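Heads up: the structure comes next, in structure tokens.
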Amino acid sequence: EAALSVLVSLSMCKDTRCGMFQAPRLGEALLRATYAAPPGSGRLLAAVNIWRNLSDTGGCDNRVPMFRLGLPEALVAAVRGETDREGEVVNASLNALTNLASHNANRVPLLRCGGVPEALVGVIRSAEPGSRSLRAALVTLTNLSCHKDNRVAMMRLGLADLLVTLTLTAGPDTKHLEAVLIMLVNLSAMLDCRLPMVRCGAAEAAVAVVRACAPGCKNLEIALKTVQNLSAHEGTGMALIDQGGLEVALGCARNSDPRVSAVAAGVLSNLALYGRRTGVRRRMLEEGVADAIRTLIDQPERTGLSAAKAAAFLLLRRIPSP
């Protein structure tokens, strides 16, 4: 235990991390120590703290070699062995997994690594609201969702339903909600995920966040981006309108923040583009979209101008006004 404590101190220095992990047999010895340490012990805490420090990108990148060594399985075992789900061992283990998942080369194999997604979902379901372990598990999954090849697989794990629940129960300006919303944006970037996400309530949850956010809240733009992604599908338009997507887009199209107005105009453009066979365009005209688009076009400095022009062309050229 004393030797591990010394290694913890050494691993805190960015300049020594690369050399430490490349030392002969240190990785293998540390992995054995991680498995051998009793749950809740000082030895286990020291071991996972070393992994957390060495997997940090500062000074050197050890993340891919650590994955190849078999570290994810050891970290999952450490998390599962703890009765205190908010304890230091769980938190340090999750932070190390977050570091591993931040490397793009690790993301696909890490999601398919035995027990990793299940352990993360288990922590999310059992963690206290606002806890460090909840945020670490969410950030790890967010990192995994950054790889396009993981997104459909994450949907099959039932992640969308869990994210919807978290979205509806988190505060509108919390960091936890930010991680959840970024994950929803990543998942909804895949065409095959959009219709199932709308069916499980992702659009309705994102709309609720937009309505709850104060002006200038970062999560407003992220939630609206989820709505924009979900609107780019022929089968989602009418459901989005029924769930308030068109209403919040119309409201945000007049937002003073050009980034927010651009996303809002993108929602209008997508609904008009993909709704040509489903009656969505007619519904949009009935909801007063044409007037909102004209307002945007009259303000050329707005970053939503191009999307507004596209929506105006699709609506006003192809469907006669009532």
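The values are calculated or read from the model by the stated rules, or taken from the named source; none is laboratory data. Only a predicted model underlies this, so the values are computations on that prediction, with no experimental measurement involved. Using ideal geometry, Cβ is built from the backbone for each residue, glycine included, and neighbour counts are taken over all protein chains shown. Only protein heavy atoms, including side chains, enter the accessible area calculation; ligands, DNA and RNA are left aside. Shrake-Rupley method; radii C 1.70, N 1.55, O 1.52, S 1.80 Å.
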For Arg151, work out the one condition from (1) of a type in the set (Lys, Arg); (2) surrounded by 14 or more Cβ atoms within 10 Å (Cβ to Cβ); (3) farther than 13 Å from Leu187 by Cβ it doesn't fulfil.
-> (3)
Looking only at segment 106-119, which residues are small (Gly, Ala, Ser) and open to solvent by 50 Å² or more (accessible area, probe 1.4 Å)?
-> Gly114
Conditions: (1) farther than 17 Å from Val139 by Cα; (2) among the polar types (S, T, N, Q); (3) not in a loop (DSSP other than H, G, I, E, B). Asn91 meets all but one. Number of the miss?
-> (1)
Counting only residues in segment 168-196 that are polar (S, T, N, Q) and at pLDDT below 95, the one surrounded by the most Cβ atoms within 10 Å (Cβ to Cβ) is identified as Thr174
If you go through segment 120-135 one residue at a time, how many are surrounded by fewer than 23 Cβ atoms within 10 Å (Cβ to Cβ) and over 17 Å from Thr169 (Cβ atoms)?
-> 2
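Yes/no per residue for (1) among the aromatic types (Phe, Trp, Tyr); (2) closer than 17 Å to Ser188 by Cα; (3) modelled with pLDDT under 70:
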| site | (1), (2), (3) |
| --- | --- |
| Leu240 | no, yes, no |
| Arg254 | no, no, no |
| Val260 | no, no, no |
| Val263 | no, yes, no |
| Asp298 | no, no, yes |
| Arg302 | no, no, yes |
| Arg317 | no, no, yes |
| Ser321 | no, no, yes |
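Yes or no, residue by residue, for (1) assigned to a loop (DSSP other than H, G, I, E, B); (2) open to solvent by 60 Å² or more (accessible area, probe 1.4 Å); (3) touching a helix residue (DSSP H, G or I) at 6+ places or on another chain (Cβ under 9 Å):
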residue	(1), (2), (3)
Leu4	no, no, yes
Ser9	no, yes, no
Thr16	no, no, yes
Glu28	no, yes, yes
Tyr35	no, yes, yes
Ile50	no, no, yes
Asp56	yes, no, yes
Asp61	yes, yes, yes
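For segment 82-98, which residues satisfy the criterion of being open to solvent by 30 Å² or more (accessible area, probe 1.4 Å) and out of contact with any Leu (no Cβ under 8 Å at 6 or more places or on another chain)?
Result: Thr83, Asp84, Arg85, Glu86, Asn95.
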